[in-house]
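The structure under discussion appears below in the form of structure tokens.
The values are calculated or read from the model by the stated rules, or taken from the named source; none is laboratory data. Model, not experiment: these values are computed from the prediction. As a convention, Cβ positions derive from the backbone with ideal geometry for all residues, glycine included, and neighbour counts pool all protein chains shown.
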Amino acid sequence: MKDVVFDLIESEKTRQKEGLELIPSENYVSSNVLKAMGSILTNKYSEGYPSFEGINEWDEAKIAEKVLPNYRYYGGQKNVDRIERLAIDRACRLFHADHANVQPHSGAQANTAVYFAWCEPGDTILGMSLPAGGHLTHGAPVTLSAHVYNFVGYGVNSDGDIDYDDLEEKALKEDPKIILVGYSAFMKVPDFKRVSEIRDKAAKKFGHEILLMADMAHVAGLIAGGVHPNPLDFGFDVMTTTTHKTLRGPRGGLIMSKGKVASPLKKPVHTLENIPILIDRAVFPGTQGGPLEHIIAAKAVAFGEALQPSFKDYAKQIVKNAKVLAEELQALGFVLQGGGTENHLVLVDCVSSFGFDGKVYEKALDKAGLTLNANALATDKGGAFIPSGVRLGTPAITTRGFKEPEMVKLAGWMKQVADICKNGGSDEELAKIREEVEELALKFPVPGI
């Protein structure tokens, strides 16, 4: 008897094929990534870590070939060890890191592990506030980490950029253990060099090491593709990311770090030099149990794809598409947070643009086959429940092959939907737009389906 779950999966497949994903944190994986995720590696328990002992030549063939000692708690690890080593090596090459931990199940757990590795309960972490565009895991009161650590938020200026003066003032006042640059709704390229200099000033004032951390979940693929600066090249100690947004891999987390790589079995001295070992211990056994080796294999496949020259072209096109889309929207009367975009993400101020909130617009666009999410703005009072804006991005549609001409069409549809919302139009009008969206979408097949 066929399980109804598979009918629902087919329905979702149809939805993805016939509509357009504009959520900036969503993407489409390749058929090879799908194969790895659905592999028999899900059957294996692999608590612990593989070892790189004895590998002096960083050559993929040697990494995949050697059976080495490991730090695992179960037997039968020779194949998963080699897969995980490949994932680690590829991540390090992609992001210029000394070490990578590929085991976090999500970006949230990657961040939690870094906090746990470096901080004691009550320590101060300085990060972008949620209303300014930061992420839940950067100190939102509803999260577990906000109950353990003292988060202090910095904001953005009227141009939508980080308020570096505010960041510096708080870094020199609050004695933070971590200074964090990261976001979920921010359209600028951070000045990593300046933040590194602020960290150095604060460390000198307070007389202790301060961990410099970047949560690049949204732009990791742009960094890998060479169209966005890499914080690890500007003095940052740690970079966390998800693997499923612009990086176009399976859903999961990743932690890259600079410093000394050694066995995680022995507790090291609490220094920045030892942060890779501290992070390994914080992931397992600190915050997670057995790693998902089928997902780690899919991460390895995705990292391998991101190392190919074609991925650079993809990353460039993401940014081109986002800029054209932003320009077209502005020409049609949309008010954009920050005046546009420098990455893959666009944030529309619906209230200032058309007089209705983001939830109204999100629901109407969904009926037209255009999927995005309502999003609060820095000036909002109602927060996530009555958001003034919507957030959209170009990673997924770029994966499908969309280029500049399609951005013009997309902006036009968004304006039509906005006019329908403003003028009290009908679902029938939205359905007509949906037919046009579907016709275009079917010309650009979803990879892996």
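Please find, among Leu347, Leu377, Leu392, the residue that is touching a Lys or Arg at 6+ places or on another chain (Cβ under 8 Å), under 20 Å from His218 (Cα atoms) and not in a helix (DSSP H, G or I).
Being touching a Lys or Arg at 6+ places or on another chain (Cβ under 8 Å), under 20 Å from His218 (Cα atoms) and not in a helix (DSSP H, G or I) holds for just one of Leu347, Leu377, Leu392, which is Leu347.
For segment 268-280, which positions are charged (D, E, K, R) and surrounded by fewer than 22 Cβ atoms within 10 Å (Cβ to Cβ)?
Of everything in segment 268-280, just one residue is charged (D, E, K, R) and surrounded by fewer than 22 Cβ atoms within 10 Å (Cβ to Cβ), namely Glu273.
With respect to the numbered conditions (1) in contact with a helix residue (DSSP H, G or I) (Cβ under 8 Å, 6 or more places away or on another chain); (2) more than 19 Å from Tyr49 (Cβ to Cβ); (3) surrounded by fewer than 22 Cβ atoms within 10 Å (Cβ to Cβ), which one is the sole condition not fulfilled by Thr287?
(2)
Count, please, the residues in segment 14-31 that happen to be more than 25 Å from Thr287 (Cα to Cα), of a type in the set (S, T, N, Q) and surrounded by 16 or more Cβ atoms within 10 Å (Cβ to Cβ).
Residues flagged as more than 25 Å from Thr287 (Cα to Cα), of a type in the set (S, T, N, Q) and surrounded by 16 or more Cβ atoms within 10 Å (Cβ to Cβ) within segment 14-31 amount to 3.
Of everything in segment 359-371, what is within 13 Å of Leu22 (Cβ to Cβ) and touching a helix residue (DSSP H, G or I) at 6+ places or on another chain (Cβ under 6 Å)? Give them in sequence order.
Answer for segment 359-371, where residues must be within 13 Å of Leu22 (Cβ to Cβ) and touching a helix residue (DSSP H, G or I) at 6+ places or on another chain (Cβ under 6 Å): Tyr361, Leu365, Ala368, Gly369.
Filter segment 323-366 for residues that are among the β-branched types (Val, Ile, Thr) and over 20 Å from Val156 (Cβ atoms); which is modelled with the highest pLDDT?
Val324
Testing Pro405 on (1) in the same structural domain as Tyr314 (by TED's automatic domain parsing); (2) touching a residue at least 24 places away in the same chain (Cβ under 8 Å), one condition comes back false. Which one is that?
(2)
Which of the residues that make up segment 302-336 are under 20 Å from the mean Cα position of the chain (by Cα) and buried (at least 24 other Cβ atoms within 10 Å of the Cβ)?
Listed by number, the residues that qualify are Ala302, Phe303, Ala306, Ala315, Ile318, Ala322.
Ser352 is checked against (1) crowded, with 21+ Cβ neighbours inside 10 Å; (2) more than 25 Å from the chain's Cα centre (by Cα); (3) among the small types (Gly, Ala, Ser) and fails just one. What number does that condition carry?
(1)
Against the condition out of contact with any helix residue (DSSP H, G or I) (no Cβ under 6 Å at 6 or more places or on another chain), without any contact (Cβ under 8 Å) to a residue 60 or more places away in the chain, under 27 Å from Ser106 (Cα atoms) and among the basic types (Lys, Arg), how does Lys316 come out, does it pass?
Criteria not met by Lys316.
Would segment 134-146 turn up any residue that is closer than 15 Å to Gly253 by Cα, of a type in the set (Gly, Ala, Ser) and assigned by TED's automatic domain parsing to the domain that holds Glu174?
Taking every residue of segment 134-146 in turn, none turns out to be closer than 15 Å to Gly253 by Cα, of a type in the set (Gly, Ala, Ser) and assigned by TED's automatic domain parsing to the domain that holds Glu174.
Condition (residue is touching a helix residue (DSSP H, G or I) at 6+ places or on another chain (Cβ under 6 Å), modelled with pLDDT of 95 or more and over 17 Å from Ile279 (Cα atoms)) applied to segment 135-143: is it met by at least one residue?
Checked against the condition, which is being touching a helix residue (DSSP H, G or I) at 6+ places or on another chain (Cβ under 6 Å), modelled with pLDDT of 95 or more and over 17 Å from Ile279 (Cα atoms), segment 135-143 yields no hits at all.
Among the residues of segment 252-267, which ones are buried (at least 20 other Cβ atoms within 10 Å of the Cβ) and out of contact with any strand residue (DSSP E or B) (no Cβ under 9 Å at 6 or more places or on another chain)?
Listed by number, the list is empty, since nothing qualifies.
Determine if segment 352-367 includes at least one residue that is without any contact (Cβ under 8 Å) to a residue 24 or more places away in the chain, of a type in the set (D, E, K, R) and in a helix (DSSP H, G or I).
The answer is yes, given that some residue of segment 352-367 is without any contact (Cβ under 8 Å) to a residue 24 or more places away in the chain, of a type in the set (D, E, K, R) and in a helix (DSSP H, G or I).
Take segment 190-215 and flag every residue that is surrounded by 15 or more Cβ atoms within 10 Å (Cβ to Cβ), closer than 30 Å to Thr394 by Cα and not small (Gly, Ala, Ser).
Passing the criteria: Pro190, Asp191, Phe192, Val195, Leu212, Met213, Asp215.
In segment 381-402, what residues are in contact (Cβ under 8 Å) with a residue 40 or more places away in the chain and among the polar types (S, T, N, Q)?
Matches in segment 381-402: Thr394, Thr398, Thr399.
Just give me the residues in segment 13-40 being within 15 Å of Thr398 (Cβ to Cβ) and of a type in the set (Ser, Thr, Tyr), in sequence order.
Answer for segment 13-40, where residues must be within 15 Å of Thr398 (Cβ to Cβ) and of a type in the set (Ser, Thr, Tyr): Ser25, Tyr28, Ser30.
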